[in-house]
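> Structure provided below as structure tokens; questions to follow.
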Amino acid sequence: MLSTLQTPRSSLSRFTLPSSSTITTLASLTTQSPTTSEPQSQILSIRHSLLTRNLSAVDLAHSYLTRLRLTEPHLRSFLHLPDDQTIISQANHLDRRIAAGEDVGPLAGVLVAVKDNICTVDMPSTGGSRILQNYRPPFDATAVKKLKELGGIVVGKTNMDEFGMGSTTEASAFQVTANPWDVSRVPGGSSGGSAAAVSARQCVVSLGSDTGGSVRQPASFCGVVGLKPTYGRVSRFGLMAYASSLDAIGCFGSSVADTGILLHAIAGHDRFDATSSKQEVPNFLSHFDSASSLESKPLKGLRVGLIRETIEDGVDAGVVSAIRAAASHFEELGCSVNEVSLPSFSLGLPAYYVLALSESSSNLSRYDGIRYGNQVHADELDSLYGDSRAKGLGSEVKMRILMGTYALSAGYYDAYYKRAQQLRTIIRNSFKEALDQYDILISPAAPSVAYKIGEKKNDPLAMYAGDIMTVNVNLAGLPALVLPCGFVDSEPAGLPVGLQMIGAAFDEGELLRVGHIFEQTLENCRFVPPLVADSVE
């Protein structure tokens, strides 16, 4: 087991990419900041380089597209990619605007990948399901619309477990995505494609969705930063519904600063989503300081609670060791760290699956071949419904719909759904009590590092159990940030471990501030997979 402050071995898995001369090196871009007083951020560096004419948007797009085309056959992160010329045309238009002295948005030139259950008007949006194969929405999701208005360029739609139901991306109806750290392993799920794309630097940042951990667990497996915002912070308009009271659009980035900038871009009230909050969105960028400006104890006085139930039996020893090392690092930064018990924590998993599956059985009823979804020809209406769903939906989705329908059926509603809602209230209250005592809570993001492709495909209970670290946060509607904190030794290279930080509702700014300081002060850890290490200095 490698400690938090060690770097994994750099041997590659299965294949080797062409030499770095084949890819335009972005070292000068990805390692510098506009000024020494600003935090390290690819987005800020891109903006600085474009506005000072040190780099053109076309050159930047070419660099990322070259890397994407080289790595994609091995990773399969994307379900839909526009032709390169479409991306280059958008970049060229941006260059002309900059040359003319026009104002450009804060995401100008930033290549963003979007999970395939988030609607895009100019690309298919299938939700990873054959029942929606070739479906093109007539509108952009609010989050996508905001990205485009701020200058972001959507580079493609990423692979996912069908309708978000899975933790490995193996439940996609189209392909299996590989983990950039070891292509024989899963990237996590259901937002595995979005996490893998950021990890392999196929894009700058990406959007995912998180119903029970679908942003945070892949972030842990792929060694990137993942943020699940407070329920209601980001509009769900245009997000294909799985469990409406739990769903949230989340963000991936290679740094905390980039993730915070992306969240700021998409957050805010939306009249098209009745559940979106009118809470003011702070300037998250103001929460970030450069490493050189930090004091010796930059987090002095911060109260950190390590959730005891997340480091007990059932969690890999290497993961526990990395989390304890992260807790020690918090103490070095001036925090007081204590273990805190949440007795209701273990109740979250069964409550989550009852509620999520019940809601999914209602939400997915629209995919009947008439209202939505590809239609199978049949002489009778009932046969049309049945055959369209039988051929269009995968086995995992069918199983979850059946379980959810059973939980809502007459005679079982009180025994399952009602009790699960009562447990949800208990879990929410336990988090509130803990966060009254502590500023943030920490835990592993997953009980293990990324496992082998196919290892848990035929054991759904083992796969569901992997969500135990994350589902409680969705049940409570709280924000959580995951960032890489160390490695566990594995062939052919070390595998990253993710630290989950949980905060009070709408306190993403504090999570981002603390996460940024933790990230900036974590020495001798470089979370770039060996697959692309030569092209990312």
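The values are calculated or read from the model by the stated rules, or taken from the named source; none is laboratory data. In this text, all values refer to a predicted model and were calculated from it rather than measured experimentally. We place every Cβ from the backbone using ideal geometry, glycine too, and count neighbours over all the protein chains shown. Accessible surface areas use protein heavy atoms only, side chains included; no ligands, DNA or RNA. Shrake-Rupley method; radii C 1.70, N 1.55, O 1.52, S 1.80 Å.
> Subtract the Cα-Cα distance of SER293 and ARG97 from 0.36 nm times their separation in residues, and report this length gain in nm to one decimal.
Going from the current span to full extension adds 67.1 nm.
> Give, in whole angstrom and from largest to smallest, the semi-axes √(5λ) of the equivalent ellipsoid of the stretch 380-449, with λ running over the eigenvalues of the Cα gyration tensor.
38, 19, 9
> Of all accessible surface on the chain at a 1.4 Å probe, what whole percent is carbon and sulfur?
50 percent
> Let me ask you something else. List the lysines whose Cα lies under 23 Å from the Cα of LYS297, skipping any in the same chain that are fewer than 8 positions away.
Once the sequence-local lysines are set aside, nothing remains near LYS297.
> Still on this structure, please answer the following. Work out which helices of the chain, taken as complete DSSP H runs, extend at least 24 Å along their axis over the Cα atoms and score a mean Kyte-Doolittle of -1.0 or more, then list them.
TM-like helix candidates: 57-75, 419-437.
> Also: Of the peptides 292-300, 382-390, how do they stack up when ordered by the mean number of other Cβ atoms within 10 Å, highest first?
In descending order of packing, they fall as 382-390, 292-300.
> Kindly report the accessible area of the stretch 248-335 per residue (heavy atoms of protein chains, probe 1.4 Å, no ligands, DNA or RNA), in Å².
Here the residues of the stretch 248-335 average 44 Å² of exposed surface.
> OK, next. Determine the order of ILE468, ILE517 by accessible area, beginning with the largest, at a probe radius of 1.4 Å.
Sorted by accessible area, descending: ILE468, ILE517.
> Give the Kirkwood hydrodynamic radius (Å, one decimal) of the stretch 359-404, defined as one over the mean of 1/r across all pairs of different Cα atoms.
Answer for the stretch 359-404: a Kirkwood hydrodynamic radius of 10.7 Å.
> Compare the peptides 49-61, 257-269 by average per-residue count of other Cβ atoms within 10 angstrom and give them in order, highest first. Write out the running numbers ahead of the final one.
Numbers: 49-61: 18.3, 257-269: 25.2.
Highest-to-lowest ranking by the protection proxy: 257-269, 49-61.
> How many percent of the alpha carbon pairs in the stretch 338-388 exceed a separation of 14 Å?
Across the stretch 338-388, Cα pairs with separations above 14 Å total 66 percent.
> Based on the alpha-carbon gyration tensor of the stretch 236-275, what equivalent-ellipsoid semi-axes (square roots of 5 times the eigenvalues) come out, in whole Å, largest first? Walk me through the numbers before you get to the answer.
On the way: eigenvalues 96, 32, 9 Å².
Semi-axes, largest first: 22, 13, 7 Å.
> May I ask for the Kirkwood hydrodynamic radius of the stretch 53-140, worked out over all distinct Cα pairs and given in angstroms to one decimal?
Working: mean 1/r = 0.0681 Å⁻¹.
One decimal place: 14.7 Å for the Kirkwood radius.
> Which value, in Å to one decimal place, does the Kirkwood hydrodynamic radius take for the stretch 278-373 when every pair of different Cα atoms is included?
In the stretch 278-373 this quantity evaluates to 18.0 Å.
> Ratio to report: Rg/Rh of the chain, with Cα atoms as the point set and Rh obtained by the Kirkwood method; give two decimals.
0.95
> Under a crude label model (7 Å from the Cα following the beta-carbon direction), how far is ARG419 from THR66 in nanometres?
Simple spin-label model gives 6.0 nm for this pair.
> Taking K and R as +1 and D and E as -1, what net charge do the other residues with C-beta under 14 Å from the C-beta of GLY373 add up to?
Spelling it out: positives minus negatives among the neighbours equals +4.
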